[in-house]
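The values are calculated or read from the model by the stated rules, or taken from the named source; none is laboratory data. It should be emphasised that the depicted structure is a prediction, and the values quoted were computed from it without experimental measurement. For neighbour counting, all protein chains shown are included, and Cβ atoms are generated from backbone atoms with ideal geometry for every residue, glycine included. Remember, those area values only see protein heavy atoms, side chains included, never the ligands or the DNA or RNA. Shrake-Rupley method; radii C 1.70, N 1.55, O 1.52, S 1.80 Å.
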Amino acid sequence: MKDTRLIAVWSPDWPVVAACTATGTAPHVPVAVVDGNEVVSTSAVARREGIRRAMRKRAAEAMCPELVTFAHDPQRDARYFEPVAEAVEELAPGIEVVQPGLVAVPAQGPVTYFGSAEQVAERIVDHVAARTGTEVQVGLADSLFAAAKAAHRGVVVPQGRTAEFLGPLGVHELDAPELVDLLRRLGLKTLGAFAEIPEKSVATRFGGPATRQHRLARGLPERPLDKRRPAPELAVAETFDEPVERIDSAAFAAKVLSERLHENLSARGLACTRLGIHARTGNGEELHRVWLAAEPLTPQGIADRVRWQLDGWLTRERLTSGIRTLTLEPAEVVDGTALQLGLWGHDDERAVRALLHVQGLLGPDGVLTGVLDGGRGPKERVRLVPWGDERTPARNPDHPWPGRLTRAPATLADDPAELEDENGGDVGVTGRLELTARPKKLVVRGRAREVTAWAGPWPVDERWWAPDPHRAARVQVQTNEQAFLLVRRDQRWFLEGVYD
C-alpha cells in the first residue's frame, strides 16, 4: 500500500533560536520574542521562570527581570532557517517550507530508502544536529496538521490511525481561539469529541471556518482536494542587469514579481497554495525552494515568502555571487474566486496597491472588506475580513434561515431608542410576542418621530446551546420620514438599522 503520510520536521521555539543565533545570546539566558507588546515565543529557560505565550511584555519582564526580549522578525526567522531546511533536504529531497521552523515532505520516498519511518526520523534528527547544531523533532501522520502535532511530540503515527492519534489531544491545538473557547464551553474539550460531531451540523451551527478546523480534528486536509496542475506559462521570471546582492534590492524584486504572478493567476481565476522559488546566481549556481500555504496566497503573502527566501540565500556565506535570474512558479493552484480584490465593482490597481501598503503599515486587520454572509439579523449578514483574505461566505447567504429578515436595512446602527404609546409609556413585548400597547412615538438620538405603522414583533432566539443564549425581539417601525428596525433586548429598545 502506498504510504501517503507526511513527514514534518519541527524546530522548537524557532523565533527564539533565530534571535539568539543572530545576536549571539547564550542558551542559558531566559529569552522571549514579542510582537508589539505580546509574547509570541519563549525559550525553555524562560518557561521555567513562568513566562508563557500571549503574556504582556511588561508582565513578563516583571515576573522575570533577567528576561531578554527581541522583536518578532519573520525575515530573520526565515534567513536562519534556510541552513536547517537544506540539511533536511539532503536526506529527504522535495521538502516544502510551511513556515520558518517547520518543513514537510512526503514520507514514501525517505521511508522506502531508509527502511522505516523510525529510521527516517532518527537520521534526520542526527543529520540536522551535525550540520547546523539545531535540535529538531520529527513526526509522521496522514495530514500536515497531524504531522506537525506528531513532530511536537516526536512520534510516528501509523498509516490510517491519524484520527486515533488526534482524538485525545485538547481542542487548544487548533489555531482558532474563539472556536476553542466556544467548544470548551460546550463541553467539547478534545479533538476527538469535536470530530464526532457530524460535519453538516458543524457547518450549520458554526460556519465555514469551523468546518475547516473540524476537518483538521478528523485527520483530513484543511480543505477537500481541488488542486490543479498549473500551466507552465503562469510562471514569471526576471533577469537582472547586475546580480542582486543587497536585501533591499531583493525585496523590491520580490514585490514586483509577486504582483505579476498574482495578476497572471487572477486573470485565470486561480490562486496559489504552493509556491516554487527558483534563482540562478551570476556564477550559474541553481537555488530552489518550495513554500506551502494552508490558504491561497495574497500578493503580500507571495512577496513575503519570496523576500524571506532571498534573504536566506543572500546571507549564505558559500554563495559566490548575487542572484542574476529569479523565477516564481505556482507549483499548485486552486480556484481563486475566494481571493478577489474587487473594489467599487472593478479592480483599481492604484487603490489595491494603496490598501496593501496601508495593510503593511497597520497589519492585516488594519484594512477590512465586507462579505455578504448567511444569518438571521442584519449584522450577521455582513462579515468583515482582512483585505486580500478569503471572501467566501462562511455561511450560505441564500439559505432560508428561520427568522431571517427578508429585507435588511441599508444602514446598520446600535443606538438606544424609545418606543412610546399615546400616553408616553414604554411599549414592551409580552411572553406571547405581542406589543403591550400601540406604538405612537419613536425617539432616536434625541429626536422624536410619530409612528404611522409597524410590523412585528418577531422572535430572536439564537445560541440556544450556549450558557448565554441570545433572546430578543425585532419590530419594524414606519414614520412619516423613514422606516426603522428596532430590537428589544434586556427590557430596552435599540435601533438596529435604518431603511432607505
message: Could you compute the net charge surrounding Pro416? Neighbours are other residues with a C-beta less than 14 Å from the C-beta of Pro416; K and R count +1, D and E count -1.
response: -2
message: Among 29-35, 167-173, 4-10, how do they line up by average Cβ neighbours within 10 Å per residue, starting with the highest?
response: 4-10, 29-35, 167-173
task: Search the structure for amide H atoms under 5 Å from the amide H of Val460, placed 1.01 Å from N in the peptide plane, and list their residues when 5 or more places away or on another chain.
output: Ala472, Ala473, Arg474
task: Just name one of Ala130, Ala60, Val103: the one whose Cα is farthest towards the positive end of the charge dipole of region 46-150 (beta-carbon charges, Lys/Arg +1, Asp/Glu -1).
output: Ala60
statement: For Lys200, Lys255, Lys441, the accessible-area ranking with a 1.4 Å probe, largest leading, is Lys200, Lys255, Lys441
- request: Please sort 418-425, 295-302, 486-493, 82-89 by packing, taking for each peptide the average over its residues of neighbouring beta carbons within 10 angstrom, highest first.
  value: 295-302, 82-89, 486-493, 418-425
field: Built amide H within the under 5 Å cut-off of Thr190, gap 5+
entry: Val171
- request: State the answer as a single residue: which of Gly115, Pro27, Pro74 lies farthest towards the positive end of the charge dipole of region 24-117, with beta carbon charges of +1 for Lys and Arg and -1 for Asp and Glu, about the Cα centre.
  value: Pro27
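Find the relative contact order for region 1-121 and round it to a whole percent, using C-alpha pairs within less than 8 Å whose residues are 6+ positions apart.
Normalised by residue count, the contact order of region 1-121 is 30 percent.
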